[in-house]
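The values are calculated or read from the model by the stated rules, or taken from the named source; none is laboratory data. Given the structure is predicted, the values throughout are model-derived calculations rather than measurements. We place every Cβ from the backbone using ideal geometry, glycine too, and count neighbours over all the protein chains shown. Remember, those area values only see protein heavy atoms, side chains included, never the ligands or the DNA or RNA. Shrake-Rupley method; radii C 1.70, N 1.55, O 1.52, S 1.80 Å.
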Amino acid sequence: MLNAGSSTLKYRLVPGDGGIVEGGVVEGIPHGAAVEQLLARLPGKETGKEIGAEIGAVGHRVVHGGTRFQAPVLVDDAVLKAIRDLSPLAPLHNPAGVAGIEAARRALPGVPQVAVFDTAFHATLPPAAATYALDRATSQRYGIRRYGFHGISVRWVSAGAARLLGRPLADLNLIVLHLGNGASATAVAGGRSVETSMGLTPLEGLVMGTRTGDLDPAVAFHLARAGVDPADIEDLYQHRAGLFGLCGDSDMRAIQQRTDPDARLALDVYCHRIRKYVGAYHAVLGRLDAIVFTAGIGEHSPVVRARSLAGLDPHGIAVDPARNASADPAGNTARLVSPHGARVAVCVVPTDEERAIAQETADLLELS
Ligand code: ADP
């Protein structure tokens, strides 16, 4: 599977028997060359077989599927064109995805290429959640609505949470908090996304490493009237805001070690925003069965988990200090961090977007 980001290409070779997996990251070179470089690393090369003889399919992460792609799809010329045409909605990411697919098609002719979309899981958002209160004609003309992202991860960890809780996903109402460099909250009812914090683009919602998250839309007009160039405003929102904007560090590990007022405020703003979304999504779902933390910060920061959910005891939400503080004993497994018998389970479920993409690819092709 290939995950072509704006500056890196992650890859993973997943055997059909679910055995040993190999993978890595190629950085700093164009995606076409990166795909060729990684194919040269694959085991098939050494055994002298034709490259790709042992590759059954390639799954590609594509960030934006618009309203057209609501599930993984086998790539042909028309699909590739449609993904390219969606680039205005994801100018940093979709072109990278297209480059990855083109390179893999060239290098592995005849091998099925599958596109797996980060937006697809949120295709079930009800209109009340997906619609911005803009005039209808403008929204329709420019494709403005809430699409949502991190769907590959949210789908994967929702299934993991159901396994951990020993209950069918169809019976569960979850809030999934994906807290990595990008961060999002999603309300999942019976395995379907019903509300999510990222919108037209991955800029909206929670505080992120360098992105603003929610902001009064008028901040942009205010800055523009003061003479700041629109491109600078976008750069400010995307790359110089969030945790980085607040304290100069985007890395949560570094922030947690600092004791100065800027770092403390950054952590406060970060956790307050999460708590606000948890309350809102609890209201959206009505009954809440579990809160699921995932990705770098969600999986590894007991401080963020505890601070974000502090004071929610009246809602049946609490974190057990000992369970929360103890590192995962088994290495990388899902676990509960709420007190025994709590009304709302709080769990940590590691995400694995690369394996999820491989799984969705195999499911589409009925390989497994
Ligand atoms: P990406 O969105 O790029 O995949 P990750 O999911 O790897 O990012 O998350 C990166 C974030 O996780 C960084 O802010 C990093 O500081 C944080 N993180 C990783 N390990 C820890 C840890 N042990 N404690 C706190 N934060 C951590």
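Points worth noting:
- Residue among 90, 283, 231 with the largest mean-square fluctuation in a Gaussian network model of the chain, springs linking Cα atoms under 10 Å: 231
- Residue by residue, region 145-154 carries 3J(HN,Hα) couplings of 6, 7, 9, x, 9, 6, x, 4, 5, 4 Hz when phi is fed to the Karplus relation 6.51 cos²θ - 1.76 cosθ + 1.60 (θ = phi - 60°); x denotes Gly or Pro.
- Solvent-accessible surface of the chain, averaged per residue with a 1.4 angstrom probe and all protein chains in place: 47 square angstrom.
- The chain: C-alpha pair distances exceeding 35 Å, %: 26
- Beta-bridge orientation, region 166-353: approximately 60 percent antiparallel, per DSSP, counting only bridges with both partners inside.
- The residue list 56, 157, 359 was ranked by how far each Cα lies along the charge dipole of the chain toward its positive end, using unit charges on Cβ atoms, and 157 comes out on top.
- The listed residues 259, 201 rank as 259, 201 when sorted by accessible area, largest first, using a 1.4 Å probe.
- Between residue 29 and residue 71, residue separation times 0.36 nm minus the direct Cα-Cα distance comes to 12.1 nm.
- Only Lys, Arg, Asp and Glu carry charge here, each on its Cβ (+1 for the first two, -1 for the last two); on that basis region 38-189 has a dipole of about 180 debye about its Cα centre.
- Less than 5 angstrom separates the built amide H of residue 60 from those of 2, 114, 115, 116, all sequence-distant by 5 or more or on a different chain.
- Fraction of beta bridges assigned by DSSP in the chain that are antiparallel (%, nearest 5): 60
- Here the accessible area of the chain is 55 percent carbon and sulfur, with a 1.4 angstrom probe and all protein chains present.
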